[in-house]
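Below is one structure, written out as structure tokens, with a few remarks after it.
The values are calculated or read from the model by the stated rules, or taken from the named source; none is laboratory data. Being a predicted model, the structure only gives us computed values, none of them experimental. Don't worry about glycine lacking a Cβ; one is built from the backbone with ideal geometry, like all the others, and counts go over all protein chains shown. Heads up: the accessible areas ignore ligands, DNA and RNA and are worked out on the full protein's heavy atoms, side chains in. Shrake-Rupley method; radii C 1.70, N 1.55, O 1.52, S 1.80 Å.
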Amino acid sequence: MFKDYNMNQLILPLDLEVKLQNNDIAFHIHHLVESIPHEAFEPFLRNEGCPAYHPRMMLKIILCAYTQSIFSGRKIEALLKDSIRMMWLAQGYEPSYRTINRFRIQPEVKDLIRQCFVQFRCQLIEEKLIDQEAIFIDGTKIEANANKFTFVWKKTIEKYHQNLIEKSNQLYNELLESEIIPEIQRESDKQLSLEELAQLVQKVDDVVTEYDKQIETSSDVLERKALRNKRKYPKQLRKQLIDFVLRKQKYERDFEIFGTRNSYSKTDSDATFMRMKDDYMQNGQLKAGYNVQIATEGQYTLAYSIYTNPTDTRTLIPFLDEIEQHYFELPKHIVADAGYGSEQNFHDILSNRKREALITYSKYLKEQKKKYKQNKFNPDNWTYDEETDTYTCPNKKRLEFQYYSVRNDRTGFQRKLKIYECENCSGCPFRLSCTKAKEGNNRKLQVNEKWEQQKEYVRAKLSEEKTSAIYRRRKIDVEPVFGFLKANLRFTRFSVRGKSKVENEMGLALMAVNLRKFTAIN
């Protein structure tokens, strides 16, 4: 005997909500998006054309698809036809893949995604899943949707541009020596600007045009032949100058795209070539990608941002600014690894934001080793006399203060250094082990007092029981989020191009990770 199976009879219920389990992820997506204030959807209102799908519905189905590791617009469209949770969230609507793709790359969607993170954090606080004591910051590099071989390097463009400057100056001098054109008023003696090159093209073109008129009006064969010979050289120069103008335009456009970066991809000019960890041996390759920065607590992403700079050190301050501006007020403790440890970052957190920085620096772990502490040629282990402001080297010679030196970083941050010099290094038996200075020169020592004070602050904080316990949570708080994102969600490469579009997609993926974890815990 079989259970009744009849394809010709209507089966109830028609309400798909009944078919979903009590703790289905669709309910959490629904409650999260519904908690977003109505004012956030006003930028989507249009008074002309066909009525659009409601942005709440569009955001729900895209978030739901991302939680199922579906990132393609066509696959999301297919999912609307055979997934019960997607049918329920869409309430019978079936937007096309074009509509889905157009929606998720809109600039207005970025504010909606931020609202999702803000509302999700409020929900975590209500359920007491986070204590708002600290945030844990880290970054990862994710491959861009760009060709791996269409790279442009800044050093190469600078080299070609310098060659162009030299050739254009040489050609200009040839034009003056040949008396083809008169001297023009230049902005700089070092190089010809784009406008000046265009002016030269026009002047040489006028010379060629004048020769053309003379050839047309002349009836003498020998004279016409002589004029054509004279015209030949200016025509060649005109062609060369036009090529210079086109190359100058290209190089200036390249420098504008570079900004502060050293490379970009032709297929996605916002993407920078970064070293990716492709395998377990971490023998990565240079690929076009983006630097994703996240702030977490309780293994939930509370804020995120995208940067085209591969170095984490220079992303911390703008990331903290963005958190304060768009997400939430910074907690008491800001925790990050040694990749963020710099004088500028410590100064910003401690002095400007009045927060505690639980961030190590590059030599923190090395300083804990016995070999480092017993190295007598390491200046950190030398005796310092505060009264005389001198250091004593292993040969019992004094290093006296000489002068202050100010160094400017690429970001414009100033570092003040004190320079010390040994009184006499000649005949020292430890010279080869102690210094690389040439014979006749003495050992010099650079000391950054502010940086040393900051390092002492970090060592003191990490020796306290409470703050050291918070710092130890970093590895088990922020690192698993990237594991969930890449291994569980299988999000390892962007499917859109351009930084603004990438930011939207990254926000959807990170919120999908949050929702999956929240659903699993509940």
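Some notes on this structure:
- Here is the size of segment 465-522 from its Cα atoms: Rg then Dmax, 14.4, 46 Å.
- Along segment 148-165 the Karplus relation, 6.51 cos²θ - 1.76 cosθ + 1.60 evaluated at θ = phi - 60°, assigns HN-Hα couplings of 6, 10, 9, 9, 10, 9, 5, 4, 5, 5, 4, 5, 5, 5, 5, 4, 5, 4 Hz to successive residues, with x for each Gly and Pro.
- Lys pairs under 30 Å by Cα in segment 275-405, provided they are eight or more residues apart or on distinct chains: 28
- Pairs of alpha carbons in segment 380-458 separated by more than 16 Å make up 57% of all such pairs.
- Placing unit charges on the Cβ atoms of the charged side chains and taking the dipole of segment 29-146 about its Cα centre, the candidate lying farthest along the positive direction among Pro43, Phe136, Phe71 is Phe71.
- Taking the Cα centre of the chain as reference, the dipole from Cβ charges on Lys and Arg (+1) and Asp and Glu (-1) amounts to some 2060 debye.
- In Å, descending, principal axis extents of the Cα set of the chain: 109, 90, 45
- Accessible surface computed residue by residue for the chain, with neighbouring protein chains in place and a 1.4 Å probe, gives 58 Å² per residue.
- Rg/Rg_globular for segment 73-191, with Rg_globular taken as 2.2 N^0.38 Å and Rg from C-alpha atoms: 2.15
- Highest average first, the peptides 311-322, 148-159, 501-512, 353-364 ordered by how many other beta carbon atoms sit within 10 Å of their residues are 501-512, 311-322, 353-364, 148-159.
- Over segment 130-274, the pair-distance histogram of Cα-Cα distances with 10 Å bins from zero comes to 9, 28, 21, 17, 12, 7, 3, 2, 1, 0 percent, rounded to whole numbers.
- Cut-off 14 Å between beta-carbons: net charge of the residues surrounding Val18, Lys and Arg +1, Asp and Glu -1: -1
- Protection proxy ranking of 403-411, 334-342, 388-396, by the mean of other Cβ atoms within 10 Å over each peptide's residues and highest first, is 334-342, 388-396, 403-411.
- Accessible area of Ile181 in the full protein assembly, 1.4 Å probe (Å², nearest 10): 10 Å²
- Dimensions in Å of segment 45-102 - Rg and Dmax from alpha carbons: 11.2, 35
- For segment 297-430, projected area of the alpha-carbon convex hull averaged over all directions, nm²: 11.9 nm²
- When His326, His161 are compared by accessible area at a 1.4 angstrom probe, the order from most to least is His326, His161.
- Summary of packing: across the peptides 58-64, 372-378, the per-residue average of other C-beta atoms within 10 Å ranks them, highest first, as 58-64, 372-378.
- With all pairs of separate Cα atoms included, segment 253-364 yields a Kirkwood hydrodynamic radius of 15.7 Å.
- Compactness of segment 181-247 as Cα Rg over 2.2 N^0.38 Å, two decimals: 1.32
- Rg/Rg_globular for segment 320-393, with Rg_globular taken as 2.2 N^0.38 Å and Rg from C-alpha atoms: 1.54
- Remark: relative contact order (the chain) = 19 percent; criterion is Cα-Cα distance under 8 angstrom and separation of 6 or more residues.
- Note: segment 374-520, Cα convex hull, 224 Å³ per residue.
- Radius ratio Rg over Rh of segment 231-318, counting only Cα atoms, Kirkwood formula for Rh: 1.26
- Comparing Tyr290, Ser342, Met274 along the charge dipole axis of segment 258-361, the residue lying farthest to the positive side is Met274, per the Cβ-charge model.
- Viscosity 1.567 mPa s, 4 °C: Kirkwood-radius Stokes-Einstein D of segment 1-159 over Cα pairs, µm²/s: 67 µm²/s
- Solvent-accessible area, 1.4 Å probe, carbon plus sulfur percent, for the chain: 48 percent
- Mean silhouette area of segment 218-281, derived from the convex hull of its C-alpha atoms and averaged over all directions, reads 8.4 nm².
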